[in-house]
Every structure is written in C-alpha cells, then in structure tokens.
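One structure below.
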Amino acid sequence: MNRTFWKEAVVYQIYPRSFQDSNGDGIGDLRGIISRLDYLQELGVDVVWLSPVYKSPNDDNGYDISDYEDIMDEFGTLGDWEELLNGLHTRGIKLMMDLVINHSSDEHAWFLESRSSKDSPYRDYYIWRPAGPDGEMPNNWSSIFSGPAWELDEKTGEYFLHLFSRKQPDLNWENPKLRDALYKMMAFWLDKGVDGLRMDVINMISKVEGLPSAHQEGLAPGELAGGGEYYMNGPRVHEYLQEMNRKVLAKYDVMTVGETPGATVEDAILYTAEDRQELQMVFQFEHMDVDSGPGGKWNVAPWTLTKLRDILHKWQVGLAEQGWNSLYLNNHDQPRMVSRFGDDGEYRVISAKMLATLLHTLKGTPYIYQGEEIGMTNVKFSRLEDYKDIEIHNMYREKVTEGGGDHDTILNAIHSKGRDNARTPMQWDSSANAGFTEGTPWLKLNPRYEEINVEQALADPDSIFYYYQKLIRLRKEHPIMVYGDYELLLPEHENIYAYTRTLEGERWLILLNFCETPQTVELLDELNAVTETIISNYPEEQAAMDRGTLRPYEARVCRLGS
C-alpha cells in the first residue's frame with residue numbers, strides 16, 4: 001500500500017460559526033479562526049477542515065450555498081479567507097474546504113434562473129417534475145430533514161426535488177453543463193491553494209432514472225417513505241466521480257474525503273480503491289447508527305461495545321488492502337463523543353482520553369472535531385427554542401406538533417442526538433461567554449464551560465489536550481500507527497476492545513476498557529510479552545501496577561517483544 005501524506009495526517013474540523021467571534025456579533029468568523037491558529041499549531045494537527053464559509057442565506061448553517069465563489073458576510077471577506085489560508089500554510093497546516101455540490105441554495109443565481117421559466121437555459125440545472133393528475137407530488141420520497149422531498153413552485157406549476165431543506169434544491173448531475181460549471185468552481189478554489197476537499201453527501205449526486213416511489217411494507221396511500229435506495233450510491237455516481245477526477249482533481253495535489261451515508265464496505269472500496277481514481281477516503285455512518293432503534297436516529301436505543309466493535313472491526317478488515325478508513329466519533333452532525341461513548345461525569349477526562357486512543361491507534365486517518373480535544377460534552381437545553389438546528393425543529397414539528405408525540409420523550413432524544421450538541425460555541429476560558437464572543441452568542445453556550453475550557457486544559461499537564469498532543473506526536477514518530485496491520489483480540493468481550501498493530505517486525509498491543517468497572521484482561525501471552533507502555537490515560541506508575549487489570553475507562557498502548 002502506498003505511503004502518502006493524507007494517510008499520515010491528523011485532521012481538525014472547524015465549525016466556523018461556533019469557533020471564535022472576532023467582532024462581537026455573536027457569530028464565529030474567519031478573523032476569529034486566524035486569531036487561534038497558534039492553538040492549532042500547538043495541538044499539532046496537519047490539516048484543518050473548514051465547514052462551509054461560502055455565501056449563504058443560512059437555512060442550514062451554510063450548507064445552502066448561494067454563491068460558491070464568495071464568503072458569507074457574517075464570516076468575513078475573501079481577503080480574510082486568503083489571510084487564513086496563508087496563516088495555516090506558514091504554520092505547516094493544510095486547508096480542506098467543504099464542497100457542497102449535491103444541492104445549492106434556492107437563492108443561488110442558477111436556481112433563480114431555473115425557476116423563472118420552463119424554457120430557462122438553467123431549468124435543467126435542477127430536478128423538476130410535473131405534478132400528478134390530481135396535483136400530487138412526483139413520488140413519495142421524504143426529505144432527510146422531515147416532510148416531503150418535493151416543493152411545488154407556483155409560477156411554473158412543477159415540483160423541484162430537495163432531499164434536505166426546501167431551500168436546498170438538488171442539482172441535476174445528469175446535465176453535463178452543470179457538471180462543468182461545478183468543476184470550474186472547484187478549480188477556482190484549488191487554484192487559490194486549497195489542499196483538500198471534503199465532499200458533502202457526495203454519494204447522493206446520482207439518482208435512479210425515473211425517480212420511482214419507494215416501497216415500504218404497510219405504507220398507506222399518500223404516506224411518505226425514505227427513498228434512499230434510489231438516490232444513495234446511484235447508478236452513475238462512480239462515472240461522475242471519475243470524470244471529476246479526470247477533469248479537476250488529478251491536476252492538483254489534493255486530499256479528498258467523501259461523505260457517504262448508507263455506504264457499505266463494498267461501496268467504500270469502489271469509492272476509494274487507488275486504481276479507480278475517485279476519492280481517497282469516505283466518511284461512513286454505520287457506527288453512528290449504533291444507538292438508533294427501529295424508528296431511526298430519534299428512536300434512541302442503548303448501544304453496546306460488542307455492536308460498536310463489530311462495526312469498526314468490519315471496516316478495519318474490509319479496507320485493509322484496498323481503500324482507507326476515516327476515523328471519527330463525532331462531528332458537526334453528531335453528538336459529543338464523550339457523552340455518547342464515554343462518561344461525561346466522573347470519568348470525563350479518563351474516558352475522553354480512552355476514546356482518543358481508539359481513534360488514533362486504529363488504521364485510518366483520524367478526524368478531531370473542535371472541542372473534542374478538551375472533552376466538551378453534550379448540552380441539555382430545557383427549552384426547545386434554545387435549539388437552532390433546522391433538523392431538530394422540523395422533526396419536533398412532525399413528531400409532536402403534528403404527530404401528537406410526547407414532548408418530554410422527543411426532548412430527551414434531542415438531548416442525546418441533536419446536532420446542536422456539537423455546535424455550542426467553543427469553550428476558550430471561564431469568562432463570560434467562554435471567551436467565544438463579547439456579544440450574544442448565536443447559540444447558547446454549554447453551561448459547563450466554567451470547568452471545561454482551553455485555558456484550564458493548557459494549564460493542566462495531565463489534560464485531555466496534552467494527551468491528544470502526545471497521540472499526534474506518536475503518530476508522526478511511529479509509522480506502525482498509520483500503516484501497521486490490525487488484528488482483533490478478545491472478540492467476544494463485552495467491555496474491552498483489544499487489538500494489535502504490526503509493522504516490519506514491530507508489534508503493539510492496544511487495550512481499551514469501555515466501562516466504569518475494572519476489567520480482567522485474559523491475554524496472558526501478550527501481557528507477558530509487554531516490554532514498554534507507550535501511552536496510557538492513567539499515571540504510568542498506576543498503569544504498571546497490575547498488567548492483567550484495566551481500570552475504569554483505561555487505555556493502554558504497549559510495545560510487545562518477540
């Protein structure tokens with residue numbers, strides 16, 4: 001397998017709206033990010049992934065783009081962006097931009113033209129369909145953000161498709177002119193020096209011909225259904241990505257990762273196998289559904305390590321020879337990992353370090369989401385109006401206001417799985433508004449900022465921050481962390497995830513306790529072969545006390561002798 005920069009990199013995701021405000025309007029911005037570049041350099045990351053900063057009416061926090069080649073006014077100017085890029089590059093950090101090309105904003109010039117007339121040259125840039133005989137929608141697909149995936153345009157009497165918000169019409173990738181316009185836009189940013197592209201829901205760009213209605217058992221007439229089988233990993237998606245590679249990506253030294261909901265290991269190999277010339281990595285979501293019940297995301301069910309480990313193991317083995325894993329446990333769309341997979345109470349620091357050890361010692365490229373490195377937690381706002389996310393409010397309206405569901409049950413689901421858990425402002429210090437803004441923050445802060453913040457973390461040599469710094473440094477010093485073969489141990493254990501990494505005669509043992517009680521490690525041969533503890537989330541003298549027992553949420557990485 002080829003050795004490359006993007007396999008060895010550690011990526012840090014910034015959600016600009018919530019990172020740092022520089023002008024007191026309560027909204028994070030580019031100049032705010034510029035002011036924190038030394039912090040990122042101290043952490044040691046190699047790449048910054050910037051969630052969208054393009055012009056946008058902000059219906060879905062920037063994932064609805066009205067101008068792909070300009071910057072959102074709230075975030076600053078193109079000049080600010082260029083200063084940010086330069087500031088990163090002078091510190092040896094690369095910039096990955098978010099590429100949102102499954103859909104645009106309904107305020108984009110293309111869509112304004114497209115909806116102006118059925119004869120518009122831009123009509124075919126989007127997916128329009130006539131109403132049925134009785135005015136019904138073209139099919140029964142539901143939007144991922146709840147409600148129907150179709151919106152009637154009164155002026156032309158036709159429906160347009162929007163898999164997300166009604167203000168996010170889907171682009172029609174069947175149109176070669178549209179594709180060329182998008183490729184030109186990509187080149188605009190790559191020519192400016194962008195080093196990477198994270199492609200939003202890129203496996204949804206190809207829809208099945210005819211856009212057939214979804215079939216679901218027990219579906220009543222007129223009832224909506226998911227429809228994902230007709231627009232995820234569609235018939236022409238690989239053709240489009242190979243064309244994109246040929247016309248744009250191959251001309252630049254660029255890092256690529258595609259967001260691919262619903263992708264299997266087999267799909268991921270097709271997207272990322274190096275000889276296919278498509279993408280380098282994908283974000284898959286199978287492990288993010290580990291606590292989803294039969295009703296989907298909002299039907300929160302208990303997760304088990306057995307289930308989580310089985311999924312991670314499947315992907316480690318499945319992409320061992322072809323493709324490459326993206327390693328993450330939270331991002332801007334997911335709840336905080338220490339609240340979800342660890343313990344955000346008594347063992348917050350210890351369990352956050354354990355989860356970090358997992359992410360940095362599996363095979364793949366680790367992605368850190370802002371605040372993860374100081375152990376930020378989920379938030380539990382008691383009032384629905386304190387949440388800002390469109391997905392939360394659409395879901396609440398559908399399930400409670402219109403569906404008659406129980407308010408408290410749905411609010412608890414929002415506390416567990418809502419996207420705003422990840423979007424509360426970054427906690428820099430214990431002063432008013434956590435040092436994020438001098439104004440009123442666009443989204444309320446997590447009240448725990450007084451105890452959990454960067455200033456506190458930097459003052460404590462045993463903090464989560466410095467543990468991340470050490471993991472990142474180890475990764476740079478030891479190729480085994482990147483390229484070593486992975487082998488699972490203790491496959492039936494309910495609380496321990498254990499595995500080895502092996503490269504060129506060197507062998508490491510990784511032991512992770514996922515619970516709050518001590519666990520016995522029945523790996524006599526491996527434990528007897530330990531020659532050194534490379535890193536542990538407990539003090540070294542404690543880690544050496546009893547090799548056969550893992551303390552609550554303990555993580556241990558050891559070198560094994562022959």
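None of the figures in this text is laboratory data; all of them are computed from the coordinates on show. What you see is a predicted model; the values in this text were computed from it and never measured. Counting neighbours? That spans all protein chains shown, and the Cβs are built from the backbone with ideal geometry, glycine included.
For the stretch 317-447, give the magnitude of the charge dipole about the Cα centre (Cβ charges: +1 Lys/Arg, -1 Asp/Glu; no others), in debye to the nearest 20.
Once rounded to the nearest 20, the dipole reads 140 debye.
When the chain is fully extended, how far beyond the present Cα-Cα distance does D460 get from S117, taking 0.36 nm per residue of separation?
Numbers: separation 343, 0.36 × 343 = 123.48 nm, distance 6.24 nm.
Contour length minus Cα-Cα distance gives 117.2 nm.
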*Once you charge only the Cβ atoms, +1 for Lys and Arg and -1 for Asp and Glu, what is the size of the charge dipole of the chain about its Cα centre, to the nearest 20 debye?*
700
*Measuring from label point to label point, each 7 Å out along Cα→Cβ, what is the D180 to T531 span in nm?*
6.1
*May I ask for the distance between the Cα centers of the stretch 453-505 and the stretch 267-286, given as a whole number of Å?*
24
*Of [x] 62, 60, 54; [y] 79, 58, 47; [z] 76, 54, 50, which is the value of Cα extents along the principal axes in Å derived from the coordinates here?*
[z]
*Rough spin-label spacing in nm, given labels placed 7 Å along Cα→Cβ, for Y39 and D408*: 3.8
*Using 1/(1 + (r/R0)^6) with R0 = 25 angstrom and r between the beta carbons of D289 and S213, what's the FRET efficiency to the nearest 0.05?*
0.55
*Show me 69-78, 397-406, 462-471 ranked by packing, highest mean number of other Cβ atoms within 10 Å first.*
462-471, 69-78, 397-406
*Any chance you could run the full-extension gain for R473 through R129? It's 0.36 nm times the residue separation minus the Cα-Cα distance, nm to one decimal.*
118.4 nm
*What is the spin-label model distance, in nm, from Y483 to T401 if the labels are put 7 Å beyond Cα along the C-beta direction?*
5.6
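Hey, fewest Cβ within 10 Å first, where do C515, C558 land in order?
Neighbour counts put them in this order, fewest first: C515, C558.
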*asked:* Taking R0 as 25 Å, what FRET efficiency do you get between D153 and K297 from their Cβ-Cβ distance, rounded to the nearest 0.05?
replied: 0.25
